Amino acid sequence: MTRVILASKSPRRKELLSLLNIPFDIIVSEIEEHIDENNDLVKEIEKLSLQKAEAVYKDHEDGLVIGSDTIVKIGNIALGKPHTEEKAKEMLRLLSGNTHEVVTAVTIIHNDERETFSNIARVSFYDMSEEEIDEYVATKEPLDKAGAYAIQGNASKYIKSVEGDYYTIVGLPVGELYHRLKKYL
């Protein structure tokens, strides 16, 4: 059987890939992540997923490598991981009462064949008061999450609606990935 490798340190991606009931290993790709906001953000996130997969595949060409990355965007503004409380609050104010997109790109590399795809979901937030933003940021959950929130966590009470694949928002479009992997495994 083909060795499947997830090129990600994300515990959420590990958990989501586990839903497919296929054995896999994790090997973290050590690439510098950079997004050029002057370019199409979907293409940029696809490029990052490819770079992550290629970084691991070069040392594991006998396996099937899955690389992935997720971006939260409102218009053509990318909302990465805020890292500071003030930046998290700024992002949440932008999301409050608005609809944004979450794009997860995935690259599969097997036998030198590369397949990259992206899945887009739309998320609408309820209005958040300054007090709610402060309370949520105080949980520290937003600090290492793209867009300053985790839909599966404490932010769930601020989500008005979701269009598209919920798992794309969490970090890996499980159903689409499964159907694309079938031809390789």
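The values are calculated or read from the model by the stated rules, or taken from the named source; none is laboratory data. All of these numbers come straight from a predicted model, not from anything done at the bench. Reconstructed Cβ throughout: ideal geometry from the backbone, glycine too, with neighbour counts over all protein chains shown. Quick note on the areas: whole protein, heavy atoms, side chains included, nothing else; ligands and nucleic acids left out. Shrake-Rupley method; radii C 1.70, N 1.55, O 1.52, S 1.80 Å.
Considering segment 129-183, the qualifying helices (runs of 4 or more DSSP H), each wholly inside and each with 3 or more residues that are within 30 Å of T2 (Cα to Cα), run over 166-170, 174-181.
Here are some residues: V56, V65, V72, V42. Which one is within 30 Å of S129 (Cβ to Cβ), among the hydrophobic types (A, V, I, L, M, F, W, C) and surrounded by 14 or more Cβ atoms within 10 Å (Cβ to Cβ)? Lay out the reasoning, then the answer.
Working: V56 fails: within 30 Å of S129 (Cβ to Cβ); V65 fails: within 30 Å of S129 (Cβ to Cβ); V42 fails: within 30 Å of S129 (Cβ to Cβ).
Only one candidate passes the filter, namely V72.
Can you tell me how many residues within segment 86-105 are more than 15 Å from the chain's Cα centre (by Cα), outside any loop (DSSP other than H, G, I, E, B) and among the polar types (S, T, N, Q)?
Of all residues in segment 86-105, those more than 15 Å from the chain's Cα centre (by Cα) come to 86-99.
Then keep just the ones that are outside any loop (DSSP other than H, G, I, E, B); that gives 86-95, 99.
Retained after the next criterion (residues that are among the polar types (S, T, N, Q)): 99.
Counting residues in segment 86-105 that are more than 15 Å from the chain's Cα centre (by Cα), outside any loop (DSSP other than H, G, I, E, B) and among the polar types (S, T, N, Q) gives 1.
Where strands (runs of 3 or more DSSP E) sit wholly within segment 1-85, those with at least 3 residues that are over 25 Å from N111 (Cα atoms) occupy 64-74, 77-79.
Scanning for something farther than 20 Å from V170 by Cα, in contact with a strand residue (DSSP E or B) (Cβ under 7 Å, 6 or more places away or on another chain) and among the aliphatic types (A, V, I, L, M), does segment 66-87 turn up at least one residue? No; the residues of segment 66-87 include none that is farther than 20 Å from V170 by Cα, in contact with a strand residue (DSSP E or B) (Cβ under 7 Å, 6 or more places away or on another chain) and among the aliphatic types (A, V, I, L, M). Is one or more of the residues making up segment 122-136 touching a strand residue (DSSP E or B) at 6+ places or on another chain (Cβ under 6 Å), among the hydrophobic types (A, V, I, L, M, F, W, C), open to solvent by less than 50 Å² (accessible area, probe 1.4 Å) and closer than 30 Å to L64 by Cα? The answer is no; no qualifying residue exists. Restricting N119, N98, N111 to residues that are open to solvent by less than 40 Å² (accessible area, probe 1.4 Å), in contact with a Phe, Trp or Tyr (Cβ under 9 Å, 6 or more places away or on another chain) and of a type outside the set (F, W, Y) narrows the list to N119.
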